[in-house]
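A short write-up of the structure that comes next.
The values are calculated or read from the model by the stated rules, or taken from the named source; none is laboratory data. Everything quoted here is computed from the prediction, not taken from an experiment. Cβ coordinates were reconstructed from backbone atoms using ideal geometry, including for glycine residues, and neighbour counts include every protein chain displayed.
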């Protein structure tokens with residue numbers, strides 16, 4: 001398996017980041033997850049964290065090195081995440097269960113399988129066009145489909161953030177599955193939260209990423225979206241992978257899983273409550289002091305010759 | 001987050017007072033070089049350079065750190081200081097010495113002593129399954145001297161494994177790579193990203209990590225001893241919790257090593273941390289006890305069994 005992958009989550013103009021992203025891969029399978037904890041509900045970020053954590057944990061258990069049935073895996077992992085969130089709220093006696101959207105994609109044998117609940121989206125971008133995308137579980141999406149409002153009206157609709165399926169919360173989530181989608185060399189699978197797709201259309205992203213270096217273009221898209229979101233912009237997150245066929249010359253940034261051990265899984269997931277960007281900022285002064293302290297300790301404990 | 005590997009500083013590069021000879025190893029978090037100081041003494045220099053946050057291209061000296069990663073880079077630097085702090089306070093022949101610590105090229109460097117030798121991992125691979133009991137006892141007893149020093153400074157190593165035990169040419173062991181070491185006894189410190197090696201990490205490494213203690217390092221010691229005999233790492237602790245298929249040393253090498261040694265290995269590898277040796281001292285004491293050579297065991301006939309029982313009773 002060979003691919004180039006990029007993930008990032010930004011706070012936007014909000015006080016805290018309730019989005020979570022993660023990816024992990026074994027020798028033969030790749031999992032990507034985006035969860036957008038719902039503001040307005042308590043502990044949105046906790047729900048999002050539980051969701052990505054549960055998904056990645058299940059992947060680590062099942063990918064040895066491939067997953068038997070990816071759809072079943074997605075179904076099970078998302079349902080487990082839903083129950084894990086409910087368990088959390090029961091354990092902590094929360095008056096209302098935290099909620100999160102979730103979109104997850106498994107790629108193995110060059111076939112993509114995905115599932116989602118809520119309005120976090122997945123796009124498959126092929127040759128500069130949107131080849132496939134998820135349908136948001138939102139009221140405005142239903143209104144558009146019934147022809148009541150247009151896309152343009154939907155973008156400013158007051159209820160555009162209301163969704164009817166999510167993980168956590170009293171209702172059983174409605175999890176929607178994709179078709180098996182075979183990937184071609186150069187296809188990009190992009191998962192994102194509404195903070196990104198709300199201000200940047202899939203078509204625009206497809207054009208920007210076409211033939212570009214993913215590791216440069218993706219942060220650029222995020223940067224532009226953050227500016228568009230403005231000082232009160234939503235959290236924005238993305239995980240994007242560029243799929244590469246193994247017979248094509250590898251690009252410098254690609255990851256090859258060929259040499260990985262059977263049971264090995266690599267995971268990228270920021271630990272909860274430890275968003276390093278938000279927390280520590282070691283000042284110059286502190287660095288100097290730490291080094292000074294270490295040097296003093298070395299002198300003190302080095303036996304004099 | 002880029003996945004490219006970082007380019008090492010070139011051979012012959014002058015880094016403060018040190019001249020780099022060559023790269024020794026490249027990890028996700030750092031690069032280790034072999035270098036020479038002004039007096040011509042060889043040293044190992046560890047450069048903090050997490051390749052997910054800082055990238056150094058070919059021919060460049062300073063890494064590129066995007067403003068977004070600046071904070072995370074600094075945060076990782078904190079962990080690197082942690083390792084430096086931990087090691088600087090330890091002065092023991094069986095623990096790697098830190099000689100210097102400095103800032104350059106927008107990152108930090110730790111200079112450590114370098115000696116000729118090899119890791120226990122290399123030794124195990126070379127002597128697959130032919131490591132003598134005497135050697136094991138000698139090596140681990142001395143290695144535990146170092147670990148005792150670590151623990152007495154209220155530190156845990158947390159990543160003990162054969163590749164982190166370096167053996168000088170005279171086979172005296174040195175503990176290296178304290179990248180996972182934490183001052184766990186000071187509880188106000190935020191727990192950092194878990195770091196462990198399957199097979200050698202204790203069950204406590206996997207859970208909430210609140211049960212980590214000297215016994216966790218002891219599990220890793222047991223796993224390393226097991227690896228000496230088996231030639232490879234034992235089953236990972238998280239798998240063992242689900243379904244333990246690790247053959248106890250007592251069963252696997254019955255008759256080839258003394259019962260006491262095998263018993264000690266199984267003792268250290270107990271999944272319940274309360275049933276392991278609780279301190280390095282207790283383990284060391286057991287290791288230096290009188291050695292009873294393995295007794296040839298033929299299946300005794302029923303008559304011999306009866307005779308044996310009577311003998312045993314008579315002795316009492």
- Checking residue B:133 against (1) touching a strand residue (DSSP E or B) at 6+ places or on another chain (Cβ under 7 Å); (2) surrounded by fewer than 22 Cβ atoms within 10 Å (Cβ to Cβ); (3) within 12 Å of chain A (Cβ to nearest Cβ); (4) more than 28 Å from residue B:154 (Cβ to Cβ), which single condition isn't satisfied? (3)
- Note on the structure: With the first residue restricted to the range A:284-305 and required to be facing chain B (nearest Cβ under 7 Å) and loosely packed, with under 15 Cβ neighbours inside 10 Å, and the second required to be at pLDDT below 80 and in a helix (DSSP H, G or I), Cβ contacts under 7 Å at 6 or more apart or on different chains are none
- Filter the range A:51-65 for residues that are surrounded by 16 or more Cβ atoms within 10 Å (Cβ to Cβ) and either free of Cβ contacts under 8 Å to residues at least 60 places away in the same chain or farther than 16 Å from residue A:167 by Cα (or both) and give the result. A:54, A:55, A:57, A:58, A:59, A:60, A:62, A:63, A:64, A:65
- Item | Subset of the range B:112-121 [surrounded by fewer than 16 Cβ atoms within 10 Å (Cβ to Cβ) and either within 14 Å of chain A (Cβ to nearest Cβ) or over 16 Å from residue B:170 (Cβ atoms) (or both)] | B:113
- Item | the range B:41-60: number of residues that are more than 13 Å from chain A (Cβ to nearest Cβ) and either modelled with pLDDT under 90 or in contact with a helix residue (DSSP H, G or I) (Cβ under 6 Å, 6 or more places away or on another chain) (or both) | 5
- Across (1) within 14 Å of another protein chain (Cβ to nearest Cβ); (2) touching a helix residue (DSSP H, G or I) at 6+ places or on another chain (Cβ under 6 Å), residue A:81 clears everything bar (1)
- Query: Which one is farthest from the other protein chains (Cβ to nearest Cβ), of the residues in the range A:2-25 that are in a loop (DSSP other than H, G, I, E, B) and within 14 Å of the chain's Cα centre (by Cα)?
  - Reply: A:18
- Out of the range A:233-260, which residues are within 11 Å of chain B (Cβ to nearest Cβ) and at pLDDT below 70? A:251, A:252
- Query: Among A:195, A:128, A:169, which is the only one that is on the phi > 0 side of the Ramachandran plot and buried (at least 17 other Cβ atoms within 10 Å of the Cβ)?
  - Reply: A:169
- Among the candidates B:165, B:174, single out the residue that is over 26 Å from residue A:296 (Cα atoms) and not assigned by TED's automatic domain parsing to the domain that holds residue B:19. B:165
- Residue count, the range A:26-71, condition under 16 Å from residue A:113 (Cα atoms), within 15 Å of the chain's Cα centre (by Cα) and assigned to a strand (DSSP E or B), comes to 5
- Message: Go through the range B:91-124 and report how many residues are closer than 28 Å to residue B:20 by Cβ and either under 20 Å from the mean Cα position of the chain (by Cα) or outside the structural domain of residue B:35 (by TED's automatic domain parsing) (or both).
- Response: 22
- Query: under 26 Å from residue A:113 (Cβ atoms), more than 18 Å from the chain's Cα centre (by Cα) and surrounded by 15 or more Cβ atoms within 10 Å (Cβ to Cβ), is that true of residue A:209?
  - Reply: no
- From (1) surrounded by fewer than 24 Cβ atoms within 10 Å (Cβ to Cβ); (2) modelled with pLDDT of 80 or more; (3) more than 13 Å from the chain's Cα centre (by Cα), pick out the condition that doesn't hold for residue B:226. (1)
- Task: Determine if the range A:274-282 includes at least one residue that is out of contact with any helix residue (DSSP H, G or I) (no Cβ under 7 Å at 6 or more places or on another chain), assigned to a loop (DSSP other than H, G, I, E, B) and at pLDDT 70 or above.
- Result: no
- Tell me, which residue of the range B:77-106 that is within 8 Å of chain A (Cβ to nearest Cβ) and part of a helix (DSSP H, G or I) is surrounded by the fewest Cβ atoms within 10 Å (Cβ to Cβ)? B:78
- Would the range B:44-59 turn up any residue that is more than 30 Å from residue A:8 (Cβ to Cβ) and buried (at least 16 other Cβ atoms within 10 Å of the Cβ)? yes
- Task: Answer yes or no as to whether residue B:109 is more than 20 Å from residue B:173 (Cα to Cα) and buried (at least 20 other Cβ atoms within 10 Å of the Cβ).
- Result: yes
